[in-house]
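One structure is given here, and the rest of the page talks about it.
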Amino acid sequence: DTGVSQNPRHKITKRGQNVTFRCDPISEHNRLYWYRQTLGQGPEFLTYFQNEAQLEKSRLLSDRFSAERPKGSFSTLEIQRTEQGDSAMYLCASSLEGYQPQHFGDGTRLSIL
Amino acid sequence: EDQVTQSPEALRLQEGESSSLNCSYTVSGLRGLFWYRQDPGKGPEFLFTLYSAGEEKEKERLKATLTKKESFLHITAPKPEDSATYLCAVLVPGTASKLTFGTGTRLQVTL
């Protein structure tokens, strides 16, 4: 069990630029989730995949955000035209089906200059 | 709206001083309550899942319990390495797999 892997760990970019994050889930997990966490808060749900299908999206996920999971393996989260308010820790998690625990990666910290 | 409230926000204990963290929730049809530990700059680390009132889980110095309205994380004889933020989250029906988190309790254990 190599755990959930996220890259990069840190991303600093200028406002208006596009950024993309990658998540590699635990290999046997078919469910993959993206969350966003700001300082002093718990993670907030963004979106969820079962295999390659994106089944749920939060209202937090504006049209500047897009997520993909080609072939049901790794996933990418892209933010276009970044804004100051996008600064946060972006967390990826994976799980088996059913009401199983979600296992998190160490996140990508995004800082917008 | 489903809500999860954790208390206290912060807790400072001396090594060996036992205490409890609280997680209260207003959810219809709970499908699971999860406890996580989060260290600074890291992602949440899974600790326990509780599915029904009366259930208890233990791991080393930690014990989690669940009632119909709240969960407690009991820490017995804590050590400095137990210092972290402890998060609870609930899984509700109709949302497939969305976890709703509380804001966490920051625990500091001193010598």
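Structure notes:
- Listed conditions (1) surrounded by 15 or more Cβ atoms within 10 Å (Cβ to Cβ); (2) touching a residue at least 40 places away in the same chain (Cβ under 8 Å); (3) of a type in the set (Lys, Arg); (4) farther than 17 Å from residue B:36 by Cβ are all met by residue A:69, apart from (2).
- If you go through segment B:4-43 and keep only what is in contact (Cβ under 8 Å) with a residue 24 or more places away in the chain, more than 11 Å from the chain's Cα centre (by Cα), buried (at least 18 other Cβ atoms within 10 Å of the Cβ) and within 11 Å of chain A (Cβ to nearest Cβ), you end up with B:30, B:32.
- Qualifying residue in segment A:74-94 (condition: β-branched (Val, Ile, Thr) and touching a Leu at 6+ places or on another chain (Cβ under 8 Å)): yes
Here's the yes/no breakdown for (1) within 14 Å of chain B (Cβ to nearest Cβ); (2) over 20 Å from residue B:4 (Cβ atoms); (3) in contact with a helix residue (DSSP H, G or I) (Cβ under 9 Å, 6 or more places away or on another chain):
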site	(1), (2), (3)
A:20	no, yes, no
A:24	yes, yes, no
A:51	yes, yes, yes
A:67	no, yes, no
A:70	no, yes, no
A:94	yes, yes, no
A:98	yes, yes, no
A:102	yes, no, no
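- Restricting A:60, A:55 to those that are loosely packed, with under 14 Cβ neighbours inside 10 Å, at the interface with chain B (Cβ under 10 Å from one of its Cβ atoms) and over 19 Å from residue B:41 (Cβ atoms) reduces the list to A:55.
- Residue within segment B:46-69 that is touching a Cys at 6+ places or on another chain (Cβ under 8 Å) and closer than 29 Å to residue A:92 by Cβ present: no
- If you filter segment A:23-68 down to residues that are within 17 Å of residue A:100 (Cα to Cα) and outside any strand (DSSP E or B), you find that the one that is nearest to the chain's Cα centre (by Cα) is A:25.
- Comparison of B:85, B:103 shows that the only residue that is assigned to a strand (DSSP E or B), modelled with pLDDT of 95 or more and not basic (Lys, Arg) is B:85.
- Sole exception among (1) surrounded by 13 or more Cβ atoms within 10 Å (Cβ to Cβ); (2) away from chain A (no Cβ under 14 Å); (3) not in a loop (DSSP other than H, G, I, E, B) for residue B:90, by number: (2)
- Look at segment A:95-110: where a residue is at pLDDT below 95 and a partner is among the charged types (D, E, K, R) and surrounded by fewer than 19 Cβ atoms within 10 Å (Cβ to Cβ), sitting 6+ places away or on another chain with Cβ atoms under 8 Å, you get A:96/A:28; A:99/B:31.
- Residue B:97 passes every criterion in (1) within 10 Å of chain A (Cβ to nearest Cβ); (2) outside any loop (DSSP other than H, G, I, E, B) apart from (2).
The values are calculated or read from the model by the stated rules, or taken from the named source; none is laboratory data. From a predicted model like this one, the values you see are computed outputs, not experimental measurements. Quick reminder, even Gly has a Cβ in these numbers, built from the backbone with ideal geometry, and neighbours come from all protein chains shown.
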